[in-house]
Structure formats: C-alpha cells, structure tokens
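The values are calculated or read from the model by the stated rules, or taken from the named source; none is laboratory data. This one's a predicted model, so the numbers in the text were calculated from it and none came from an experiment. With ideal geometry, Cβ positions are generated from the backbone for all residues, glycine too; neighbour counts draw on all protein chains shown. Remember, those area values only see protein heavy atoms, side chains included, never the ligands or the DNA or RNA. Shrake-Rupley method; radii C 1.70, N 1.55, O 1.52, S 1.80 Å.
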Amino acid sequence: MSYFERIKEYKIKESPIIMGIETSCDETAVAIIKNGREILADEIISSATEHAKFGGVVPEIASRTHTTAILTATKNALDKAGLTLNDIDAFAVTQGAGLLGALLVGVSFAKSLAFSTGKPLIPVSHIRGHISASYLADKKLEPPFITILASGGHTAIVAVEDYYNINVLGSTLDDAVGEAFDKVARVLGLSYPGGPNVERLAKEGKNVIALPKMLKNYNGGEFDFSYSGLKTAVINYVHNQTAKGESVNKADVACSFQCSAIDVLIDKAVLASKKFGYKTICVSGGVGANGYLREKLTERANKEKIKLVLPEKRYCTDNGAMIGAEGYLQYKKGNFANLELNASAVIPLK
C-alpha cells in the first residue's frame with residue numbers, strides 16, 4: 001500500500017501526539033505535544049554562537065547545522081518523552097517562512113519520518129506557529145483574541161477570530177521591529193543577536209532622546225507600523241553626534257529607541273482590543289521576549305482590565321512546541337500534505 005493510500009485511510013484521533021519540527025532559521029527545534037497543549041518534550045539546538053562571529057545569520061551555516069543537529073534533537077525529544085517514533089500520531093513541520101535551505105532540512109526530515117511510519121505529514125506556517133504558542137501558555141485560551149506579532153521578519157496586529165481564521169488589522173510597511181533592533185544594535189556596536197543586547201544596554205540608560213513615533217496619527221491604516229524611519233533617526237543621531245565630536249551615550253540611545261519601538265506596539269494592540277471588543281491580548285514572536293514590552297504591556301492590560309497571555313520567553317523565540325501546537329489544529333482539520341511538499345521562503349500573513 002502506498003503512502004498516499006495509507007493516509008487516505010488514516011483515522012483522526014481524539015488526543016493525538018504530534019511531533020513539531022522547526023528549522024526556519026538558526027534553531028534546530030523538535031518538540032512533542034499531546035492534545036495540542038501539553039508539552040511532553042521540547043529540544044532546541046541553536047547555532048547562534050556561530051552566527052555571532054559574522055554579525056548575523058549565515059544561511060549556509062544554518063543549513064549545515066540543521067543537518068547535523070536534527071537527528072540529535074529528535075532522539076533527545078523522544079527519550080525525554082519516553083516515546084518511540086511509532087507512538088507519534090503525526091509529524092508537523094515548518095514549511096515557511098524562513099531561510100529556504102534551512103527549511104528544506106526540516107521538511108525533508110519530516111517527510112522521511114512520515115513515510116517510514118505511515119503517519120500524516122502536516123505543513124505549518126511559521127507565523128501561525130508563533131500565534132499558537134499562546135495556547136501553550138494558557139491551556140484554557142480560546143479565540144477570539146488580539147495578537148501582537150513581533151519578530152525579526154514580521155510586525156502586525158492580528159485578530160484571531162477562531163482557531164483557523166485570522167484577520168490582519170495592520171502590519172509593518174517596511175522593516176519589522178526585530179529587524180530594527182538588529183540594525184540599531186550594529187550602529188551601537190553591539191554583537192548578534194541584536195535584540196537582547198539592545199534590551200540589556202537600555203536598562204542602563206534613560207528615554208531622553210527625541211525619536212519619531214511611527215505612524216502615530218496615520219489615518220490610512222491605524223494599526224500599521226513603520227520602523228525604517230525610526231532606525232534611520234537613530235543612525236543619523238549617532239552619526240551627527242560623532243561628526244560634531246560629541247560623545248554618544250549608547251545606553252540612552254538604546255533606551256530611547258526601545259521605548260519608541262515598543263510603545264507603539266502596545267498602544268495599537270490596546271486600541272484594537274477596545275475597538276473590536278476583544279477581551280484578551282496575546283504576544284507572539286521573538287520580540288515578545290523583550291522585558292520592557294512584557295512589563296509595560298502587563299501594566300497597560302491591568303489598567304485597561306484586559307486579559308494578557310504572555311508565553312514563556314523560550315516559546316516566543318523559534319521552537320518546535322509552537323509548531324506542534326499549530327500542527328494539532330491542522331491535524332484536527334485533516335490538513336495533511338503528500339510527499340511532494342516543498343519549503344517556501346515566503347508565506348502570506350493570513
């Protein structure tokens with residue numbers, strides 16, 4: 001019997017065990033999730049220290065590291081959960097978006113596991129995976145809710161209407177917020193990864209440098225963002241101070257930038273919650289690990305009496321658990337792929 005025929009006869013289980021595989025960038029991540037919300041195992045092998053030597057992610061290094069790490073991550077996850085491959089009911093894998101070579105490692109590996117076990121192969125959007133991380137943080141969470149999607153590749157305010165339908169209320173018109181953090185980090189002479197290093201430096205400074213509030217009164221899209229101008233303003237400030245022979249207080253620059261970048265995210269998320277009557281705000285994406293964002297959003301949510309769901313910092317950054325959580329939803333829908341599944345560097349935000 002062919003793989004296609006076996007999957008056609010597959011019976012969807014009530015409480016499946018899903019393996020989530022994530023290789024979109026510089027983390028090789030494998031997790032095992034039961035019933036969409038219970039984490040049985042979660043393994044991450046990062047190549048960030050290798051990329052730091054070059055000041056950013058090198059796609060070739062990322063791809064090669066995935067090929068050597070993915071088997072180890074899978075074995076560790078199975079051992080931690082006390083399971084074998086035959087106990088896994090389906091294999092969910094990040095299909096996109098991300099670095100194409102890196103994605104291909106995960107997709108090819110997941111296809112081999114699905115074929116060898118005769119279990120379903122589930123393609124997962126990396127973006128939806130980040131959103132589904134909130135289901136791991138709050139096991140009773142149900143849509144609808146507002147999500148702040150903030151990462152190195154995406155910045156958006158998303159209305160999650162139900163488990164399968166999302167409405168993008170607004171997104172960045174240029175740079176993503178995480179991308180802006182990385183670029184500002186380079187200007188300040190900070191090493192990769194930029195976001196955490198900017199955050200650490202910002203704790204030593206004050207918000208005393210006037211920087212633009214992006215699209216604050218933009219009528220064409222009240223939930224849209226623009227980070228290119230903010231990034232340029234920081235670059236110009238540093239260059240102008242240097243050209244005049246004046247010192248640059250890097251901690252103040254970092255703090256002022258962080259406030260300008262994050263405050264608008266909070267403002268627009270709260271505005272969306274109030275405008276559309278959503279009582280819950282969730283945070284997703286790597287910038288969700290930012291301490292300033294978590295602190296200020298918690299204060300604002302308490303003031304506005306809005307429920308706030310903050311995934312652990314580990315589940316804001318790339319991980320296999322979020323892919324397993326979203327994979328569970330797609331499993332229940334029977335959204336299975338055939339062995340011709342291919343990776344995609346770009347996936348629409350929808």
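For the reader, a short list of remarks on this structure follows.
- Residue list for region 1-19, filter: part of a loop (DSSP other than H, G, I, E, B) and either of a type outside the set (A, V, I, L, M) or modelled with pLDDT of 90 or more (or both): 2, 9, 10, 11, 12, 13, 14, 15, 16
- Among (1) touching a residue at least 40 places away in the same chain (Cβ under 8 Å); (2) in a strand (DSSP E or B) - the single one residue 167 does not satisfy: (1)
- Filter result for residue 140 (in contact (Cβ under 8 Å) with a residue 40 or more places away in the chain and not hydrophobic (A, V, I, L, M, F, W, C)): no
- Comparison of 108, 2 shows that the only residue that is out of contact with any Cys (no Cβ under 9 Å at 6 or more places or on another chain), surrounded by fewer than 19 Cβ atoms within 10 Å (Cβ to Cβ) and closer than 25 Å to residue 128 by Cα is 108.
- For region 258-308, filtering for residues that are surrounded by fewer than 20 Cβ atoms within 10 Å (Cβ to Cβ) and either within 16 Å of the chain's Cα centre (by Cα) or not hydrophobic (A, V, I, L, M, F, W, C) (or both) leaves 19.
- Check on residue 321, surrounded by fewer than 21 Cβ atoms within 10 Å (Cβ to Cβ), of a type outside the set (Val, Ile, Thr), modelled with pLDDT of 95 or more and touching a helix residue (DSSP H, G or I) at 6+ places or on another chain (Cβ under 8 Å): no
- Some residue of region 44-64 being open to solvent by 10 Å² or more (accessible area, probe 1.4 Å), out of contact with any Asp or Glu (no Cβ under 8 Å at 6 or more places or on another chain), under 14 Å from residue 321 (Cβ atoms) and not in a loop (DSSP other than H, G, I, E, B): no
- Criterion: touching a helix residue (DSSP H, G or I) at 6+ places or on another chain (Cβ under 6 Å), among the aliphatic types (A, V, I, L, M), surrounded by 17 or more Cβ atoms within 10 Å (Cβ to Cβ) and closer than 30 Å to residue 190 by Cβ - qualifying residue of 73, 69, 90, 102: 102
- Odd one out for residue 135, checked against (1) surrounded by fewer than 19 Cβ atoms within 10 Å (Cβ to Cβ); (2) of a type in the set (Ser, Thr, Tyr); (3) out of contact with any Pro (no Cβ under 8 Å at 6 or more places or on another chain): (1)
- Within region 19-37, the set of residues being more than 20 Å from residue 66 (Cβ to Cβ) and either open to solvent by less than 10 Å² (accessible area, probe 1.4 Å) or touching a strand residue (DSSP E or B) at 6+ places or on another chain (Cβ under 9 Å) (or both) comprises 33, 34, 35, 36.
- Which listed residue is in contact (Cβ under 8 Å) with a residue 40 or more places away in the chain, charged (D, E, K, R) and in contact with a Cys (Cβ under 8 Å, 6 or more places away or on another chain), from 250, 206: 206
- Of all residues making up region 325-350, the number that are over 21 Å from residue 32 (Cα atoms), among the charged types (D, E, K, R) and under 15 Å from the mean Cα position of the chain (by Cα): 1
- Residues located in region 139-177, provided they are under 17 Å from the mean Cα position of the chain (by Cα) and open to solvent by 10 Å² or more (accessible area, probe 1.4 Å): 151, 152, 153, 154, 166, 168, 171, 172, 175
- In region 309-321, the residues that are of a type in the set (A, V, I, L, M, F, W, C) form Cβ pairs under 7 Å with partners that are assigned to a helix (DSSP H, G or I) and open to solvent by 10 Å² or more (accessible area, probe 1.4 Å), at six or more places apart or across chains, as follows: 309/137; 310/137; 310/294; 316/286; 316/289; 321/136; 321/315.
- Selection status of residue 208, surrounded by 14 or more Cβ atoms within 10 Å (Cβ to Cβ) and more than 20 Å from residue 289 (Cα to Cα): no
- Taken residue by residue, region 120-128 has no member that is among the charged types (D, E, K, R), on the phi < 0 side of the Ramachandran plot, outside any strand (DSSP E or B) and in contact with a strand residue (DSSP E or B) (Cβ under 7 Å, 6 or more places away or on another chain).
- Residue within region 190-199 that is under 30 Å from residue 87 (Cβ atoms), open to solvent by less than 10 Å² (accessible area, probe 1.4 Å), within 19 Å of the chain's Cα centre (by Cα) and at pLDDT 95 or above present: no
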